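K.L.:
Take this structure, written in structure tokens, and hold onto it; I'll ask about it next.
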Amino acid sequence: MLANQWVLLLIVLAFYGLAGAQDANPEVTTEAAPVEATTPTSQEQLYEEVKKSFIPKLNKYRREVAKRLNWTNMNELVYGEVEGYHDSLYSYNLTLDGLLTEIIEESEEEMQKALNEKKTLCQDKDGVNGFCPDHINPEPKAVSCDYVCYGYCTKYDLTCYLTPTSNTAWWKNQTIGEPGSACDPDRYNIDGLCSLNPPTTTTTTTVKPPPATPKPAKEKDPKKADGSSDDGDGGDLKSKESGNADSSCATFPNLVAICIVSIVTYSGTLLY
């Protein structure tokens with residue numbers, strides 16, 4: 001009995017001894033400081049890329065969708081800040097081309113599904129239990145993009161905002177017809193998209209040669225006025241020739257007469 005008590009006492013002392021040793025040498029644990037995230041480009045560079053590359057590519061795809069689905073009021077997007085209700089496009093891919101690839105794949109999947117099931121686009125979605133891809137919503141007229149960081153800012157997301165939207169199940173209110181035929185009054189149908197810019201018309205200007213300078217009127221020759229020729233003395237020569245001919249005709253008979261008179265006179269002289 002006494003031996004058992006000694007054994008129990010030794011066990012208790014050993015336990016407390018170990019506990020004291022751990023307290024004397026506690027393990028030091030520190031929480032790692034969050035690493036500050038970085039972005040591939042500056043915000044200013046992102047804005048320029050959105051304007052020059054992302055928006056034209058997204059508009060090109062929206063035009064294709066409008067033509068494939070025969071939507072009448074697909075708006076062309078321009079760069080602009082968020083106003084009121086808006087749709088957001090998120091991507092963990094920090095490049096605009098990567099975001100564009102993701103959203104196009106999403107909408108192509110929805111359109112193929114509607115085609116296979118012979119339904120309208122997103123027919124089974126009601127805005128609560130599912131949404132239609134926002135980037136093909138015809139309503140927005142402007143888009144802007146930012147790098148957004150949450151919490152400890154250990155990672156950025158690339159987020160684009162489409163504005164304005166009606167915050168409803170917009171895909172259930174689409175009218176089918178000629179793409180671009182139901183644009184707002186301040187917009188123009190540019191190949192299926194409703195654009196703020198009027199269509200450009202090419203005008204061709206035909207340059208006519210200058211009118212020919214009229215030649216000065218030739219003064220009338222007085223000789224021509226009275227029927228004479230303008231060949232210098234040609235007219236006079238003709239007159240002279242004509243005169244000579246008349247003179248010859250007139251002279252010959254006179255000569256004959258003179259000769260006869262002379263012969264008669266001479267003969268008379270001889271008789272006397």
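K.L.:
Which one is farthest from residue 136 (Cα to Cα), of the residues in the stretch 41-66 that are of a type in the set (Val, Ile, Thr) and touching a residue at least 12 places away in the same chain (Cβ under 8 Å)?
P.N.:
Filtering the stretch 41-66 for residues that are of a type in the set (Val, Ile, Thr) and touching a residue at least 12 places away in the same chain (Cβ under 8 Å), the one farthest from residue 136 (Cα to Cα) comes out as 50.
K.L.:
Another question about this same structure. If you scan the stretch 132-186, which residues turn out to be outside any loop (DSSP other than H, G, I, E, B) and aliphatic (A, V, I, L, M)?
P.N.:
136, 142, 143, 148, 158, 162, 176
K.L.:
Additional query: Residue under question is residue 153, and the condition is that it be more than 26 Å from residue 188 (Cα to Cα) and surrounded by fewer than 17 Cβ atoms within 10 Å (Cβ to Cβ); does it hold?
P.N.:
In short, yes.
K.L.:
For the stretch 98-132, how many residues meet the condition of being surrounded by 12 or more Cβ atoms within 10 Å (Cβ to Cβ), without any contact (Cβ under 8 Å) to a residue 12 or more places away in the chain and charged (D, E, K, R)?
P.N.:
3
K.L.:
Give just the number: which of (1) closer than 19 Å to residue 60 by Cβ; (2) surrounded by fewer than 20 Cβ atoms within 10 Å (Cβ to Cβ) does residue 135 not satisfy?
P.N.:
(2) is the only condition that residue 135 fails.
K.L.:
Does the stretch 116-125 contain at least one residue that is in contact with an Asp or Glu (Cβ under 8 Å, 6 or more places away or on another chain) and aliphatic (A, V, I, L, M)?
P.N.:
Yes, the stretch 116-125 contains a residue that is in contact with an Asp or Glu (Cβ under 8 Å, 6 or more places away or on another chain) and aliphatic (A, V, I, L, M).
K.L.:
Additional query: Test residue 141 against the criterion of being under 29 Å from the mean Cα position of the chain (by Cα), of a type in the set (Lys, Arg) and modelled with pLDDT of 85 or more, and give yes or no.
P.N.:
So residue 141 fits the description; yes.
K.L.:
I want to confirm something. Restricting to the stretch 163-182 and keeping residues that are buried (at least 19 other Cβ atoms within 10 Å of the Cβ) and under 22 Å from the mean Cα position of the chain (by Cα), which single residue is farthest from residue 121 (Cα to Cα)?
P.N.:
The qualifying residue farthest from residue 121 (Cα to Cα) is 180.
The values are calculated or read from the model by the stated rules, or taken from the named source; none is laboratory data. Note that the structure is a prediction, hence the values are computed from the model and not measured. Here Cβ is always computed from backbone atoms with ideal geometry, including for glycine, and neighbour counts include all displayed protein chains.
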